[in-house]
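What follows is a short report on a single structure.
The values are calculated or read from the model by the stated rules, or taken from the named source; none is laboratory data. These numbers were taken from a predicted model, which means no experiment stands behind them. Cβ sites come from the backbone with ideal geometry, for glycine too, and all protein chains shown count toward neighbours. To get the accessible areas, we keep the full protein, side chains included, count just its heavy atoms, and leave off ligands, DNA and RNA. Shrake-Rupley method; radii C 1.70, N 1.55, O 1.52, S 1.80 Å.
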Amino acid sequence: MLDPVINFFSRIFYLIGRGIGYAVGIILWPFLWAGRWYTQRGWILKTVVGAMLILWVGLYGYFFWVTQVWTNFNPDYVAVYNFDKRDVAAGEPVAAQAMGTAPKSCARSAIVEVTADLTDFNVNQNAWISSMLLFKLGFFGMSWDDTPFLDNKAAFQRGINSAVRRTAVELVDTLGRIRGTSQIDNDLQKARGNLQFTEDAWYFGLNPFGPKTPTPSYYRSAVKDLRTFNSKLEACNAVFDARADNLMQFIDRIANDIGSTSAILKDRSEKNNYGWFDTRADDRFWFAYGQLYAYYGLMNAAKVDFKQVVQQKNLAPLWDGMDGQLRSALNITPWIIANGSEGGWLLPNHLTTMGFYILRVRSNLIDIKQVLQQ
């Protein structure tokens, strides 16, 4: 009685096994053919091909390693600065100097310090992914950003760089000069120019054709320029204009910056909600995460640099609320980014979640701006 049933399922499992065997054979066939071809060649060609294969495996092994290992990534990195113990605004004298006995000393800028450290984190403590040759070549010609893997760190780094670029512009235009009419600081100007350099330059390019200076070299130069400015500021040979209107403009520019990111997340969430199969959801998410990661440090730094303004305007409660929202957003680190339907019950929508925190931070920034306008 059961023989036909047993035979049926046996036949099914046999066909499934045979199908899997065919599939494995198709996948392994190019490798088997290459192995046979290799064993039939002469030793010179074997040596050349073997060296190229070792180089290829080594490059991809290194590429996989640097994209997966995030050196010194720490959502609580702000705690290292001990900003609570800094009681002097940027550029202000740190202590009364004895007449003719000691050199004059002024407070360094926390904003400049964090900007330099974030860039150092991107290009010195970690490899800058976007300009690596294998990242530029993509996955069989397809951009890594259009795949669901090996692009998260690159997007995160670009998010940090977006915030750093915005800050460098404000340092040159307003914060590092008096009322926008004094001479632009040369080191800040060089830092801004270096940070605006394209994010994906390698040692050689096609447009224009020829050798190039890679992106990380420019960003490393920006780190040196920023730290040189801070050393001059510490020696009271530079300016940091910590006025309320400068702080208001800085906050307004940041609010606009993250507002644009929120719109990008909203657009992606509404038009491409394919759950785990949205291959661009991860880099949108990690770009936004990188921005907030950077602004978390920069906003804490701004509270120090504009210490007198914060105290005069009684901004501490609003600032602490914004700081809490920024830190809460950094707790969202899922293994897989899902862009599910906002009304769905099975898959989460991490883009909407990140967008919610961005809008909360932006609302806090607008509240601070309105107090500064009074």
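Things worth noting here:
Each row is one residue, and each column tells you yes or no for (1) open to solvent by 70 Å² or more (accessible area, probe 1.4 Å); (2) among the acidic types (Asp, Glu); (3) in contact with a helix residue (DSSP H, G or I) (Cβ under 6 Å, 6 or more places away or on another chain).
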{"position": "Ile129", "(1), (2), (3)": "no, no, yes"}
{"position": "Phe140", "(1), (2), (3)": "yes, no, no"}
{"position": "Arg192", "(1), (2), (3)": "no, no, yes"}
{"position": "Leu195", "(1), (2), (3)": "no, no, yes"}
{"position": "Gly205", "(1), (2), (3)": "no, no, no"}
{"position": "Thr213", "(1), (2), (3)": "no, no, no"}
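- Qualifying positions in region 328-356 - in a helix (DSSP H, G or I) and open to solvent by 50 Å² or more (accessible area, probe 1.4 Å): Thr352, Thr353, Phe356
- The residue of region 225-239 that is surrounded by the fewest Cβ atoms within 10 Å (Cβ to Cβ), among those that are in contact with a strand residue (DSSP E or B) (Cβ under 7 Å, 6 or more places away or on another chain) and not in a loop (DSSP other than H, G, I, E, B), is Glu234.
- Pairs linking a residue in region 347-374 that is over 22 Å from Arg284 (Cβ atoms) to a residue that is of a type in the set (D, E, K, R), with Cβ atoms under 6 Å and 6 or more positions apart or on different chains, are Lys369/Asp252; Val371/Lys313.
- For region 311-320, taking the residues that are in a helix (DSSP H, G or I) and open to solvent by 10 Å² or more (accessible area, probe 1.4 Å), the one that is farthest from Asp87 (Cα to Cα) is identified as Leu318.
- Between Tyr218, Tyr289, the distinction of being of a type outside the set (D, E, K, R), part of a helix (DSSP H, G or I), farther than 26 Å from Pro348 by Cβ and within 23 Å of the chain's Cα centre (by Cα) belongs to Tyr218 only.
- The single residue among Ala222, Ala163, Ala154, Ala244 that is surrounded by fewer than 23 Cβ atoms within 10 Å (Cβ to Cβ) and not basic (Lys, Arg) turns out to be Ala244.
- Search result, residues across region 42-92 that are in a helix (DSSP H, G or I), under 22 Å from the mean Cα position of the chain (by Cα) and either surrounded by 13 or more Cβ atoms within 10 Å (Cβ to Cβ) or of a type in the set (A, V, I, L, M, F, W, C) (or both): Tyr62, Phe63, Phe64, Trp65, Val66, Thr67, Tyr77, Val78, Ala79, Val80, Tyr81
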